[in-house]
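**Q** Below is one structure. I have some questions about it.
The values are calculated or read from the model by the stated rules, or taken from the named source; none is laboratory data. Computed from a prediction, not measured in an experiment: that's the story for all the values here. Note: ideal-geometry Cβ built from the backbone for every residue, glycine included; neighbour counts use all protein chains shown. SASA here: full protein model, heavy atoms, side chains in, ligands and nucleic acids out. Shrake-Rupley method; radii C 1.70, N 1.55, O 1.52, S 1.80 Å.
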Amino acid sequence: LALLAVDGVVWSAPDTPENRLALGSCANQHREGSWPQVRAVCLMDTHSHELLDTQLGAMTQGELTLATHLQVPDQSLTVFDRAYFSAAFLLDWQTQGNARHWLMRAKDNLRHEVLSTHAPGDFSIRMPISLRARQLRPELPLWWSARLIEVELGGCIRRFITSLEDAQRYPA
């Protein structure tokens, strides 16, 4: 599998009325940001560092929204950070191509049920899909499955979830 990564970045743009109107900027409870900003989500090959695709948008668009439009090659494993944890997004990612897999760190409060154990620290799990997600996408099931892998790194247990569910083909 080709090893890919997706992440977002924000760039400041020239401060013009046109850019403020079209792009927006970050804001907090005190004021709007100093500069108009562009949000980008990039898909990169981690081996060659080749940028395979990029989606640009205004600050009103989130990373997940932009990432849904990335052109992802088949036969790939894409690494995401935890901000991309969304059943709808990840199910779409893995089903809109041939062998389009994903991997990310599991959130500490991951709600899941262990279905089977492949080896110590290697589990098949199922996770509930939130009511809100199913209201937005009624075709989503009540549960979705993945694989949970626990690894000790530097004395700490790190947990990863992935669509690489075949433990024989993809050992932990």
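**Q** How about the range 16-125: which helices (runs of 4 or more DSSP H) wholly inside it have at least 1 residues that are free of Cβ contacts under 8 Å to residues at least 24 places away in the same chain and over 26 Å from P138 (Cβ atoms)? Quick ask: steps written out before the conclusion?
**A** Working: elements: 17-23, 63-67, 87-95.
Per the criteria, 17-23.
**Q** Also, I was wondering about something else. Considering the range 139-172 alone, what residues qualify as being within 17 Å of the chain's Cα centre (by Cα), among the hydrophobic types (A, V, I, L, M, F, W, C) and not in a strand (DSSP E or B)?
**A** Across the range 139-172, the qualifying residue is only L164.
**Q** Let me ask you something else. Looking at R132, is it among the basic types (K, R), out of contact with any Asp or Glu (no Cβ under 9 Å at 6 or more places or on another chain) and either outside any loop (DSSP other than H, G, I, E, B) or surrounded by 15 or more Cβ atoms within 10 Å (Cβ to Cβ) (or both)? Before you say what the answer is, go through the steps one by one.
**A** Numbers: among the basic types (K, R): yes; out of contact with any Asp or Glu (no Cβ under 9 Å at 6 or more places or on another chain): yes; either outside any loop (DSSP other than H, G, I, E, B) or surrounded by 15 or more Cβ atoms within 10 Å (Cβ to Cβ) (or both): yes.
Considered against the rule, which asks whether it is among the basic types (K, R), out of contact with any Asp or Glu (no Cβ under 9 Å at 6 or more places or on another chain) and either outside any loop (DSSP other than H, G, I, E, B) or surrounded by 15 or more Cβ atoms within 10 Å (Cβ to Cβ) (or both), R132 comes out as yes.
**Q** In the range 99-123, how many are surrounded by fewer than 16 Cβ atoms within 10 Å (Cβ to Cβ) and in contact with a helix residue (DSSP H, G or I) (Cβ under 6 Å, 6 or more places away or on another chain)?
**A** Adding up the residues that qualify gives 2.
**Q** Here's something else I'd like to know. If the requirement is being farther than 25 Å from S76 by Cα, of a type in the set (D, E, K, R) and in contact (Cβ under 8 Å) with a residue 24 or more places away in the chain, which of these qualifies: R132, R137? Give the derivation first.
**A** Details: R132 fails: in contact (Cβ under 8 Å) with a residue 24 or more places away in the chain.
Matching residue, one of R132, R137: R137.
**Q** Would you mind telling me which numbered condition in (1) farther than 17 Å from A2 by Cα; (2) open to solvent by 40 Å² or more (accessible area, probe 1.4 Å) A58 fails?
**A** Going through (1) farther than 17 Å from A2 by Cα; (2) open to solvent by 40 Å² or more (accessible area, probe 1.4 Å) one by one, A58 breaks only (2).
**Q** Of the residues A58, A88, which is modelled with pLDDT under 95 and among the aliphatic types (A, V, I, L, M)?
**A** Working: A88 fails: modelled with pLDDT under 95.
Testing whether each residue is modelled with pLDDT under 95 and among the aliphatic types (A, V, I, L, M) leaves just A58.
A quick yes/no check of all residues on (1) in contact with a strand residue (DSSP E or B) (Cβ under 6 Å, 6 or more places away or on another chain); (2) more than 15 Å from L164 (Cα to Cα):
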residue	(1), (2)
Q55	yes, yes
V72	yes, yes
N109	no, yes
S124	yes, no
R137	no, yes
P141	no, yes
